[in-house]
Amino acid sequence: MATNDHHETFPWKHVIGFVLSLVLTFAALWVVLSSGLATKLIIGIIVILAMLQASLQLFMFMHMTESDSGKIQTINMAYAFFIAIVIVIGSIWVMWFVV
Amino acid sequence: MKWSEFFVTGEPLIYAADVSIVLTAIGIVFVLTYFKKWKWLWNEWLTTVDHKKIGVMYIISAVLMLFRGGVDALLMRAQLTVPNMKFLDSQHYNEIFTTHGTIMIIFMAMPFIIGLMNIVVPLQIGARDVAYPYLNALSFWLFFVGAMLFNIAFVIGGSPDAGWTSYFPLASKEFSPGVGNNYYAVALQISGIGTLMTGINFLVTILKMRAPGMTLMRMPMFTWTILITCVIIIFAFPVFTVALALMTFDRLFDTQFFTMANGGMSMLWANLFWIWGHPEVYIVVLPAFGIFSEVVSTFARKRLFGYKAMVFSIVGIAFLSFLVWVHHFFTMGAGAAVNSFFSITTMAIAIPTGVKIFNWLFTLRKGKIRFTTAMLWSLAFIPNFVIGGVTGVMLAMAAADYQYHNSYFLIAHFHYVLIAGTVFACFAGLHYWYPKMFGHILNERLGKWTFWLFMIGFNICFFPMYFLGLMGMTRRMYTYSAGLGWTPLNVVATVGAALMGIGFIVLCYNIYYSARYGERDMTGDPWDGRTLEWATSSPVAHYNFAIIPEVTDLDAYWVMKKTGKGLEIDEEKLKPIHMPSNSGRPFLISIAFFFAGFGLVFEWYTMAIIATIFIILGLILRSFDDDDGYYISVDEIKRTERLARKGA
């Protein structure tokens, strides 16, 4: 219930973030559906676009730089990266025998 | 979807269920109208954002779901009691074990735990509500409509029947063409959104809203377990969200993520499911550890032994919980390196868990133990959970698991950890915190009857299953032939299940009996408690604390009682209290979610789209909502506090 005292007049940051997110999403869609590139290249491109999207959202929407508790923020991000790596690398390792 | 298939037909059990649902609905409407309670229902419950009332609603829903899941269990036991039983056919049996598992985990264990944490955590940290009360109401109603959507499946459209794990390819459109598994995908998705929001809500609440002086290492153990549980929820549930979304796409829009052909990978479902599913186990069992810690410490009249070791064990368990998921499918064939790795990480979890067991034992050592019902559940937890844990280590050995996999040995193992862990904890917590919720104590005599019936029944029911598993009985088989020699142990197991059912009936009677004749708790501290929730009156005033307490040590209320400081309320220091306003929007948005979900289940997209527009409308209205809550005046606080104290 803490009140935020310094309201901006218009949430420009959010609007720009939103538009950029849409651009990145449609770019990914276009690369997959109609770019005609090789499959491996497509996968590489959409992974990069996804990472761009994730970092964009962290800074534009998730108030990454605005917190007064930097320690919690750091632990949280480190743990998030750890879990992401476990899930992605782990799944690839576990499912490798099917491919 | 043909209209003739809309209602499930053909089984006398289903018709009986139809009749009872209609009669119950008419009964509820009649009672509410006759006693003129509609307005009360809307103002006090449907629109509430009070964490205590939301907690009570979670627990009521969980008890209802325990009934539903329990009936499923008894039907299965009835079918398996003797060989070649004709009580349920194979399809009906498939549906029942699927709904039993899903309901017990998602709609019984989790809401029971979340209900207790709603009621207790803000009180334990000396807060007046959670960080986002409106979101909390939305979380509850999303869970609730998810549960209702899942439950109507068995009379409308047909229940899911691919197991609570819903493995592909069985769960695909090709092999499960009905709407049953759509219910699974959509209902779990909706209630999962609620759970994820609860995780975020309580993480922020615990990190940001603790009373002054309550450092992290002065938090009660239950609050610690909830904090870590929230972290697990936040990291594990998105995986399930994605997996369920892909499942929904596969089933509704013919995508090929988990199919057998066209580059789909059906085993990936099992992989994603258990990346969420194993942490999920700790989501329901860590809070249970927290409840036992509180109860054991209170009724042994001792500070919890090895508080720091407990905290590090919880963190260790949470960390390891994300590194063990493959032990659910060692037999899938990922190879020796993968299996060995996950075998070792699984066994490693036994170490922090063992540390906790010893901490509870040392807390009991030389304690002045009071054998209340809550304490009995906690004491019974230790040996029963150890049986479940030790057999878990047996299952963790990948090579040996090829023998145990999907046998009744596994069934016995996970019921020993989930019932002796989570269900015992829910009952212990219910008895322990009941005075805080309703202002009276659950009858101890009846409570002990429930305990002995349920605990003995539980062992009679599940211990034979270890042996049935070793004798070759496999999971999910709906009948067996007489020559296999499984009959005696199956009869014994059914007797145990019946005892558990009787125990549950006694518990329900106890709730009724205690409401009418139960001892009122006038002190607010019936158990001579140690943590801050016992510093409030029973039932708790809706602002929780007239003055936020100052915390100087672990077991804050115990210290206050020993030093005599901070117990009295200095009326001079009272200030108006800022509280959030009620809102009907979470309830209405969730109703829209229900119809959107129902539309998706039956692939009636017009309905789904219209309902989704209502959801978005609700979100937009919320964004432009400038209701900042209201203030409770000092006079009103004085009146409330004097009234509560006069009772003492």
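Computed from the C-beta positions of A:His63 and B:Arg516 and an R0 of 45 Å, the FRET efficiency is 0.30 to the nearest 0.05.
Per-residue packing, averaged as other Cβ atoms within 10 Å, sorts the ranges B:137-148, B:32-43, B:59-70 into the order B:137-148, B:59-70, B:32-43, beginning with the highest. If you roll a 1.4 angstrom probe over the protein chains with everything in place, what fraction of the accessible area of chain B belongs to carbon and sulfur, to the nearest %? Carbon and sulfur together cover 70 percent of it.
Using the Karplus relation 6.51 cos²θ - 1.76 cosθ + 1.60 with θ = phi - 60°, the per-residue 3J(HN,Hα) values for segment B:213-220 come to x, 8, 6, 4, 7, 10, 6, x Hz, with x marking Gly and Pro. Taking all Cα-Cα distances within segment B:509-567, those exceeding 16 Å account for 51%.
Averaged over the residues of peptide B:319-331, the number of Cβ atoms from other protein chains lying within 10 Å of each residue's Cβ is 2.
Between B:Leu484 and B:Leu23, the FRET efficiency from the beta-carbon distance, with R0 = 60 Å, is close to 0.90. Adding -39500 (n - 2.57) for every DSSP H run of four residues or longer, then dividing by how many residues chain B holds, sets the calculated 222 nm ellipticity at -22000 deg cm²/dmol.
Residues whose amide H falls under 5 Å from that of B:Ile156, counting only those 5 or more places apart or on a different chain, are B:Val8, with hydrogens built in the peptide plane. With 20 Å as the limit on Cα-Cα distance, the pairs of B:Lys53/B:Lys436; B:Lys368/B:Lys436; B:Lys561/B:Lys638; B:Lys575/B:Lys638; B:Lys366/B:Lys448; B:Lys52/B:Lys356 that go past it are B:Lys368/B:Lys436; B:Lys561/B:Lys638; B:Lys366/B:Lys448; B:Lys52/B:Lys356. Would you work out if segment B:101-167 is rounded, prolate or oblate? Take a ≥ b ≥ c from the square roots of the eigenvalues of the alpha-carbon gyration tensor; rounded if a/c is under 1.5, else prolate when a/b is larger than b/c, oblate otherwise. Prolate shape, in that a/c is at least 1.5 and a/b is the bigger ratio. Total buried accessible area between A and B, probe 1.4 Å, nearest 100: 1900 Å². Averaging the sequence gap over all C-alpha pairs within less than 8 Å and six or more residues apart, then dividing by the number of residues, gives chain B a relative contact order of 17 percent. Under the simplified labelling scheme, the B:Phe253-B:Ile456 pair shows an inter-label distance of 5.7 nm, with each label point 7 Å from Cα along Cα→Cβ.
Normalised by 2.2 N^0.38 Å, where N is the number of residues, the alpha-carbon radius of gyration of segment B:6-90 equals 1.53. With a ≥ b ≥ c taken as the square roots of the eigenvalues of the C-alpha gyration tensor of segment A:1-66, please select rounded if a/c is under 1.5 and otherwise prolate if a/b is larger than b/c or oblate if it is not? Prolate shape, in that a/c is at least 1.5 and a/b is the bigger ratio. The smallest convex shape that holds all Cα atoms of segment B:260-331, its convex hull, gives 90 Å³ per residue.
Here A:Ala80 and B:Asp553 are evaluated by their C-beta separation; at R0 = 22 Å the FRET efficiency comes out at 0.10.
Average accessible surface for the protein assembly as shown: 45 Å² per residue, computed with a 1.4 Å probe over protein heavy atoms with every protein chain in place. Solvent-free Debye calculation, one equal scatterer per alpha-carbon of chain B: log10 I(q)/I(0) at 0.08, 0.10, 0.12 Å⁻¹ equals -0.59, -0.95, -1.40. Is the shape of segment B:494-602 best called rounded, prolate or oblate, per the rule: a/c under 1.5 gives rounded, else a/b larger than b/c gives prolate, else oblate, with a ≥ b ≥ c the square roots of the Cα gyration tensor eigenvalues? Oblate shape, in that a/c is at least 1.5 and b/c is the bigger or equal ratio.
For the peptide A:84-91, the mean number of other protein chain Cβ atoms found within 10 angstrom of a residue's Cβ is 4.
Residue separation of B:Tyr630 and B:Trp45 scaled by 0.36 nm, minus their Cα-Cα distance, works out to 208.8 nm of gained length.
The values are calculated or read from the model by the stated rules, or taken from the named source; none is laboratory data. Just so we're clear, the structure is a prediction, and the values are computed from it rather than from any experiment. As a convention, Cβ positions derive from the backbone with ideal geometry for all residues, glycine included, and neighbour counts pool all protein chains shown. Ligands, DNA and RNA are excluded from the accessible area calculation, which covers all protein heavy atoms including side chains. Shrake-Rupley method; radii C 1.70, N 1.55, O 1.52, S 1.80 Å.
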